[in-house]
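Structure first, commentary second.
The values are calculated or read from the model by the stated rules, or taken from the named source; none is laboratory data. Given the structure is predicted, the values throughout are model-derived calculations rather than measurements. Reconstructed Cβ throughout: ideal geometry from the backbone, glycine too, with neighbour counts over all protein chains shown.
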Amino acid sequence: MELPKAIKDALSKSSAEQKELFNYIYYELVKLGLEFHPDKPDFIMARHPINNINFIALRYGVSKGASIELRIDSLQTDILSVHKDTKEFSIVFKHWDRGKKPLWVIFRIEKKSDLGHPKIVIKKVMQKKPNWGRQIQSSRDIDYSQFLNTSADSLIYLREARNLFLEDTKKIRYPPIIHAAFCRMLAVEIISSIELLMKKWKNQSSTLRKMLKSDGNIEKKDKIVAAFKKVGVGVDDSVVEIYTATKILRNAIVHSEFGEEGAKYLIQNGFPTNLTKLNETHWDMMYEAFDKMMLYVSSVGINKR
């Protein structure tokens, strides 16, 4: 995991002992089954295994000596009373919580033994659904980075595997059906990548929210083109047509049906309705459209239009 810049800067100014303490805390928490991801500049966070809400925050700073804070959300008072002789910790309340149940508990950790009590608390919280778990993480809070990264990895490996196969065909004759297999895998992966990027930016862009609702609907293809152009992104209409055709292909591969209109649309845009007839030309068409669609979506999302 890539640490946030503020934490990396703080660690670069820390002593060997301070770095060792931070690394010890991080790896002890990972051993509990927590998966961390960067959040704000000076935090890394982990999600609850049941609710999928961020419930652990680890902060590191060096304003007046090294400072390590471990924040645990979703707590009830009885969970905290594991040790009566525990080091002092602070509790932060939310105004709307009439029962005054603590939502944030902050432990300050100065030595390895200070982690004992928080670890017990974390284990207890991980075993049950937190009281305020009705606020299950919304799509606004999802970190899409890991999904985009794994999707990008899949595309790289798929492309490299295909390149190796094409090299091999100089020595061995393979049946054309193998080209079709690569095309089917590509269709599924590139639509996933484009939709993930749309989801990543959709809360900052009403344009992308509308596009996600199109769901490969042929009648809405022109609306997608118009939506891009309305916010100043110049698009090639044929790219959106190939994207729509690829989405129809993906849906057929996943759900085992084209629909009459979908089949007609594929034929109009140079694709076969027999999935074993996909070839190198279709691979190139889909990949070129994919690259351009990712550029269009990024242009909308980054500029929050």
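What to note about this one:
- Pairs are defined by a Cβ separation below 9 Å, a sequence spacing of at least 6 or placement on different chains, a first member in the stretch 154-165 that is of a type in the set (Phe, Trp, Tyr), and a second member that is modelled with pLDDT under 90 and surrounded by 10 or more Cβ atoms within 10 Å (Cβ to Cβ); the pairs so defined are Phe165/Tyr174; Phe165/Ile178; Phe165/His179.
- Taking strands (runs of 3 or more DSSP E) as the structural unit, those lying wholly within the stretch 8-118 and holding at least 3 residues that are hydrophobic (A, V, I, L, M, F, W, C) and either under 29 Å from Gln146 (Cβ atoms) or modelled with pLDDT of 80 or more (or both) correspond to 43-47, 54-61, 67-73, 104-109.
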